[in-house]
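Inspection log for the structure reproduced underneath, given as structure tokens.
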Ligand code: SF4
């Protein structure tokens with residue numbers, strides 16, 4: 001028999017409780033000190049590990065301390081500092097355009113509303129949710145490839161479209177836990193429920209997972 005939404009909600013609470021105990025210190029893995037730094041780091045994290053991003057951002061943040069500095073920068077200068085994160089020409093272009101839009105429309109400040117953030121070049125819902133949840137204290141549910149894969153394995157969605165999954169999960173996860181839930185699942189995807197080789201035998205939430213092997 002298919003689980004009802006109420007049953008799913010109860011299971012989600014148990015998953016959150018168990019993963020919080022398993023990963024008590026989990027937080028945003030991208031180093032940042034302000035909203036702009038997190039926005040830039042999140043743009044750089046596309047198709048790249050957080051570890052690699054954290055290696056390039058200290059020099060980048062030092063050279064470009066605010067949106068105006070990025071907006072005025074020559075693309076090649078930014079490219080030179082972010083080359084190792086891959087797709088560096090596109091990323092440099094997006095960072096510059098994003099910064100120019102910040103200067104033009106938001107006085108150089110990162111806005112704290114989803115509808116404003118997603119208007120910025122290179123910023124989709126995932127990036128906007130990361131920024132909202134981690135620097136503005138506005139609950140956000142970033143959906144990346146780990147979130148898509150693991151929530152399907154957990155039977156909490158049958159979709160593969162990030163925006164639709166975000167909507168479904170926001171119904172199942174308490175609002176105050178949205179940001180944490182995403183961190184915990186992404187961390188679990190790196191530590192235990194690894195793509196193509198999930199370690200079900202040692203998985204802390206195996207009793208809550210219909211896909212355990
Ligand atoms: S039981 Fe296996 S498939 Fe389910 S979450 Fe754990 S590692 Fe992933």
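Since every read-out is calculated from the coordinates, none of them should be taken as a lab result. Just so it is clear, the model here is predicted, and its values are computed rather than measured. Note that we place each Cβ from the backbone using ideal geometry, even for glycine, and neighbour counts take in every protein chain shown.
Where a ≥ b ≥ c are the square roots of the eigenvalues of the C-alpha gyration tensor, would you call region 60-136 rounded, which needs a/c under 1.5, or, failing that, prolate if a/b is larger than b/c, or oblate?
It is prolate, given that a/c is not under 1.5 and a/b is the larger ratio.
Angle check, please: helix 88-106 long axis (alpha carbons) against the longest principal axis of the chain (alpha carbons), in degrees 0 to 90, nearest 10.
That works out to roughly 80 degrees.
Angle between the Cα long axis of helix 178-191 and the longest principal axis of the chain, 0 to 90 degrees, nearest 10?
80 degrees
When the Cα centres of region 165-201 and region 99-157 are compared, how far apart do they sit, in Å?
After rounding, the separation between the Cα centres reads 16 Å.
Would you mind calculating the gained length between residue 170 and residue 77 on full extension (0.36 nm times residue separation, minus the Cα-Cα distance), in nm to one decimal?
29.5 nm
Rounded to the nearest 500, what is the chain's calculated 222 nm mean residue ellipticity when only DSSP H runs of at least 4 contribute -39500 (n - 2.57) each, over all residues?
-18000 deg cm²/dmol
I'd like the orientation of helix 125-135 relative to the chain: the angle between its Cα long axis and the longest Cα principal axis, in ° from 0 to 90, rounded to 10.
Around 90 degrees separate the two axes.
Specify whether the C-alpha gyration tensor of region 56-213 places it in the rounded, prolate or oblate class, a ≥ b ≥ c being the square roots of the eigenvalues: rounded for a/c under 1.5, otherwise prolate if a/b is larger than b/c and oblate if not.
prolate
What span do the alpha-carbon atoms of region 106-169 cover on each of the three principal axes, reported in whole Å from largest to smallest?
Taking the Cα atoms of region 106-169, the three principal extents are 44, 22, 16 Å.
Take the Cα of residue 112, step 7 Å along the line toward its Cβ, and report every residue of region 34-53 whose backbone nitrogen sits under 19 Å from that point.
Residues 34-40 fall inside that zone.
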